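Bear in mind that the values in this text are calculations on the coordinates, not laboratory data. Nothing here was measured: the structure is a model prediction, and the numbers come from that model. Using ideal geometry, Cβ is built from the backbone for each residue, glycine included, and neighbour counts are taken over all protein chains shown.
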Amino acid sequence: MMRSALTTLLDLEPDLTVIGGVERGDEVVAAAERLGPDVVLLDIELPGRNGLDLIAPLLEAVPGCDVVIVTTFGRPGYLARALAAGARGFLVKDDPVEQLAAAIRRVRAGERVVDPQLAAEALGASDNPLTDREADVLRASAEGATILDIAEQLFLSPSTVRNYLSNAIGKLGVRNRLEALTVARERGWL
């Protein structure tokens, strides 16, 4: 419903034309290759594939395309990941569509556009202390997976999984992996 509403409202802008839309993250790159958009608006939480994980492959598949994240998940860690992957904008969904249209124009003009409140939060946020592997292990534990399940999934030994979880728990100053997972998600590190 949100995608449909945004499409309708953006199409009312005299200088913007919506040329396509998809419902699933795993459809984005193929649709962009087929349609050749100037700008792709991505949410973070998409069925099939996370919007943050789509930025780099999308930019590789459609050179010259700009990516703007439009999400309800305005977290400093997500902002940092999106910008590091090459996004040119990061906005929250509760902004008026006129601001989104203006942001699209600014991005196409070569600017980087970030929600001001989120930018201020990001300046005060701490950097992600987790290594990539610690984050992978925490992510794999999300559905209550056992140490053995995580070890098999990530091709690690059970003792290595325990070490990564212990390190993550210590770095985040929490009592267990569930709390570590919660903190890392809230800060946008996963």
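Longest stretch of the chain clear of exposed loop sites (GluC sites (Glu not before Pro), DSSP loop, at most 14 other Cβ atoms within 10 Å, sites excluded): 46-110. Note on the chain: with charges restricted to the Cβ of Lys and Arg (+1) and Asp and Glu (-1), its dipole about the Cα centre is near 540 debye. Subtracting the Cα-Cα distance from 0.36 nm times the residue separation, let me have the gained length for Arg185 to Glu152 in nm, one decimal. Between Arg185 and Glu152, full extension yields an extra 9.6 nm. In region 1-47, one over the average inverse separation of all distinct C-alpha pairs is 11.4 Å, which is the Kirkwood hydrodynamic radius. Using the Cβ-Cβ distance between Ser166 and Ala56 with R0 set to 25 Å, the FRET efficiency works out to roughly 0.25. Applying the Karplus relation 6.51 cos²θ - 1.76 cosθ + 1.60 with θ = phi - 60° to region 67-74 yields 3J(HN,Hα) values of 10, 10, 7, 10, 8, 8, 9, x Hz, where x marks Gly and Pro. To check you understand DSSP bridge types, tell me what percent of the beta bridges within the chain (both residues inside) are antiparallel, rounded to 5. Of the beta bridges lying entirely in the chain, close to 0 percent run antiparallel.
Take every Cα pair under 8 Å whose residues are at least 6 apart in sequence, average their separation, divide by the length of region 34-147, and the relative contact order is 22 percent. Each residue, Ala135 and Leu16, gets one label point 7 Å from its Cα in the Cβ direction; the gap between the two is 2.9 nm. When the charge dipole of the chain is built from unit charges on Cβ atoms (+1 for Lys and Arg, -1 for Asp and Glu) and taken about the Cα centre, the candidate among Val28, Tyr164, Leu12 whose Cα reaches farthest toward its positive end is Tyr164. Taken along the Cα-to-beta-carbon direction at a fixed 7 Å, the label points for Glu23 and Val92 span 2.9 nm. Multiplying each eigenvalue of the alpha-carbon gyration tensor of region 38-142 by 5 and taking the square root yields semi-axes of 23, 17, 13 Å, largest first, rounded to whole angstroms. Taking other residues whose beta carbon is less than 13 angstrom from the beta carbon of Ala109, and scoring Lys, Arg as +1 and Asp, Glu as -1, yields +1.
Relative contact order of the chain: 16 percent, from C-alpha pairs under 8 Å at least 6 residues apart in sequence.
Where the alpha-carbon atoms of the chain are placed on the principal axes, they occupy 59, 36, 29 Å, in descending order.
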